[in-house]
Amino acid sequence: MGKKVIERIAYLDIGNRRMQVRCPICKAYYDIYDLYFKQKKPPFLISCQECKLTFAVNKVYFKPNIKIKMIKKRWEDKEYQEKMKASLNLKPNKLELDFFQTMIGYIPNLRYTGDFSLFVGRKNPDFIVEGTNKCIDLFGEHWHRANEEEERKEYFKEMGVELVVIWEFEWKKDKQKCIDGIIQFVS
């Protein structure tokens, strides 16, 4: 192939720190993330190492995270939920056990559901209060982001379920305050 210049579009995926562009002839991928932040604006000239074609990236778009959308859609499928439940063999962690053992004395109809035994739409709450539309989630700092709490509450609200989130650091810092808040939430 000669030095023909073909215009291409690149998709910037900031979350994964990648910007990939594909050669139009041999379909090889090239990551131009570093080039994008050095040069700041298109066009970027890329020479394909496979077919020796030179092509220009003249537009950059932000890439929606398609994989996350696909995974979310999968969790709406009951068969997928059952398959995951069987494969993961989930058991309560230390925080969940401590919480359950403490709270069962205050709320006798509290049930652990963090083992995928119950789904609200595509989400699995850690605990439910049987006979009500109330759920409780425990968030560990390692696994959960700060903005995830509001997203999760909003999702449950859309599904007609009330959700309270207890963060691990709150539970460890002031257990009695958490207990009082949960009792008030359930009442």
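The values are calculated or read from the model by the stated rules, or taken from the named source; none is laboratory data. Since the structure is predicted, the reported quantities are computational estimates derived from the model, not experimental observations. Neighbour counts are summed over all protein chains in view; Cβ atoms, including those assigned to glycine, are modelled from backbone coordinates with ideal geometry.
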Checking Glu96 against (1) in contact (Cβ under 8 Å) with a residue 60 or more places away in the chain; (2) of a type in the set (D, E, K, R); (3) in contact with a Leu (Cβ under 7 Å, 6 or more places away or on another chain), the condition it does not meet = (1)
Does any residue of segment 145-158 turn out to be in contact with a helix residue (DSSP H, G or I) (Cβ under 6 Å, 6 or more places away or on another chain) and more than 21 Å from Arg74 (Cβ to Cβ)?
-> no
Just checking, how many residues over segment 82-100 are more than 18 Å from Asp180 (Cα to Cα), modelled with pLDDT of 80 or more and not hydrophobic (A, V, I, L, M, F, W, C)?
-> 6
Those residues that are over 19 Å from Gly181 (Cβ atoms) and among the polar types (S, T, N, Q), I need them from segment 101-158; list them, please.
-> Thr113, Ser117, Asn124, Asn147
